[in-house]
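Encoded as structure tokens, the structure appears first; notes follow it.
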Amino acid sequence: MARDRAATSRRILEAGRELFAEHGYEQVTMRMIAAAADANVSLINRYFGTKAGLFAQVVATGSTLEAVIEGDPEGLPARLAARMAARLSTGTVEQLTRTIDRAGNSPEIRAVLRARVEDAMIGAIAERLTGPRPRERAALAVTFILGVSSLRRLLGPEPLRDADQAAVEARLTAVFSACLRP
């Protein structure tokens, strides 16, 4: 029974992840999610509470940033730079990025996204920092990450496609070091 519950929950989560990325939060219905997950709407409510609850779980489990943040604090600027350099040089847009781009303007969903940025990004980075005003320094780094991500979605990978990856990483490491140092 527990295995079926876990499998059903995973199917619902994956269906939500795919549908929110493809259609946007506001266009996806509970019936669409249930059909894609081969489940019924009541199970979505039971496991995730609401469509917004499912969206929050999709956003909470869709990022690879946590793995980059983990590790020694001294290496954090280089890890952030390597991740960003890799993302800047490819034409692939992550599923989570598409989900966030298509999230819509509902106050409920904006609150979910804000909480995610504040906790999983700013808060997680700030926890690794020493010295004064760690949250402020983390917010500066996250502002840079999100700004570059927005610009990349607009321009695509072309401006940096042929750039020397090592040079890009070195410059980005310097930027993140400046943002995060006390």
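The values are calculated or read from the model by the stated rules, or taken from the named source; none is laboratory data. Treat the numbers as computed from the prediction; the structure is a model and nothing was measured. Cβ sites come from the backbone with ideal geometry, for glycine too, and all protein chains shown count toward neighbours.
At a glance:
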item	result
Residue match in segment 87-94 (condition: of a type in the set (Gly, Ala, Ser), assigned to a helix (DSSP H, G or I) and modelled with pLDDT of 85 or more)	no
Hits in segment 99-111 - residues which are crowded, with 18+ Cβ neighbours inside 10 Å and of a type outside the set (Val, Ile, Thr)	103
Residue check for residue 71: on the phi > 0 side of the Ramachandran plot and either over 17 Å from the mean Cα position of the chain (by Cα) or free of Cβ contacts under 8 Å to residues at least 24 places away in the same chain (or both)	yes
Any hit, segment 59-72, residues being at pLDDT 95 or above, of a type in the set (Gly, Ala, Ser) and part of a helix (DSSP H, G or I)	no
Filtered residues of segment 1-59 (kept if farther than 13 Å from residue 109 by Cα, surrounded by fewer than 17 Cβ atoms within 10 Å (Cβ to Cβ) and among the hydroxyl-bearing types (Ser, Thr, Tyr))	29, 42
Number of positions in segment 112-142 that are exposed (fewer than 13 other Cβ atoms within 10 Å of the Cβ) and β-branched (Val, Ile, Thr)	1
Enumeration of residues in segment 126-146 that are in a helix (DSSP H, G or I) and either farther than 15 Å from residue 65 by Cβ or of a type in the set (Asp, Glu) (or both)	127, 134, 135, 136, 137, 140
